[in-house]
Amino acid sequence: MFEKIIQIQNRTGIRCHPASMIIGEVETFPGHQFLLEFPQGTSTLKSIMDLLGLGLQFRDLATLRVTGPDEQNAGEIIARMLEYKYDCY
């Protein structure tokens, strides 16, 4: 199992554009299970609304867990996307 604590670096948090990109990348890993745990809830990263429902804000911490045949690679890619600075401030 891949597990990593991530910190949101995007100043506007995880909104529609980042969420769309993240979910799109998650879909490229069939056979993997994703779980993003946050004190206010969890997301399986199966839909944009599921991810947006967490309300992740700038500097929030969450734990990403991934299981599957290529879990290390999948986890690293999705963790980087969650921590990416999408805005240009």
Report, to the nearest 10°, how far helix 71-83 tilts away from the longest principal axis of the Cα atoms in the chain, using its own Cα long axis and a range of 0 to 90°.
0
Using the Kirkwood radius over Cα pairs of the range 1-44, the Stokes-Einstein translational diffusion coefficient at 4 °C and 1.567 mPa s, in µm²/s and rounded to a whole number, is 108
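Using helices alone, I'd like the mean residue ellipticity at 222 nm for the chain: each DSSP H run of four-plus residues gives -39500 (n - 2.57), total over residue count, nearest 500. All intermediate terms of the calculation are to be shown ahead of the outcome.
Numbers: 3 runs with 29 residues, N = 89.
Theoretical 222 nm ellipticity from helices: -9500 deg cm²/dmol.
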The extension gain from R80 to Q40, computed as 0.36 nm times the residue separation minus the Cα-Cα distance, is 12.3 nm
Toy charge model, Lys and Arg Cβ at +1, Asp and Glu Cβ at -1: the chain dipole around Cα centroid in debye, rounded to 20, equals 300
So which GluC sites (Glu not before Pro) in the range 3-89 pass both tests, a DSSP loop state and at most 16 other Cβ atoms within 10 Å of the Cβ?
E27
Select from I77, I22, I14 the residue whose mean-square fluctuation is largest in a Gaussian network model of the chain (Cα-Cα springs shorter than 10 Å).
I77
Along the dipole axis of the chain (charges at Cβ: +1 for Lys and Arg, -1 for Asp and Glu; origin at the Cα centre), the most positive-end residue among F29, L82, F58 is F58
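Counting alpha carbon pairs within less than 8 Å and at least 6 residues apart, what relative contact order, in whole percent, applies to the chain? Before the final figure, lay out each step's value.
Numbers: 160 pairs, mean separation 43.0, N = 89.
48 percent.
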Bin by bin, in steps of 10 Å, what percent of the Cα pairs in the chain do you find, going until the bin that has the longest distance?
19, 58, 22, 1
Alpha carbon centroid spacing (whole Å) that separates the range 43-86 from the range 2-22:
6
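Every read-out reported here was derived from the displayed coordinates using simple, explicitly stated rules and does not represent laboratory data. Worth saying up front: this structure is predicted, and the values here are computed from it rather than measured. In this analysis, Cβ positions are derived from the backbone assuming ideal geometry, glycine residues included, and neighbour counts consider all displayed protein chains.
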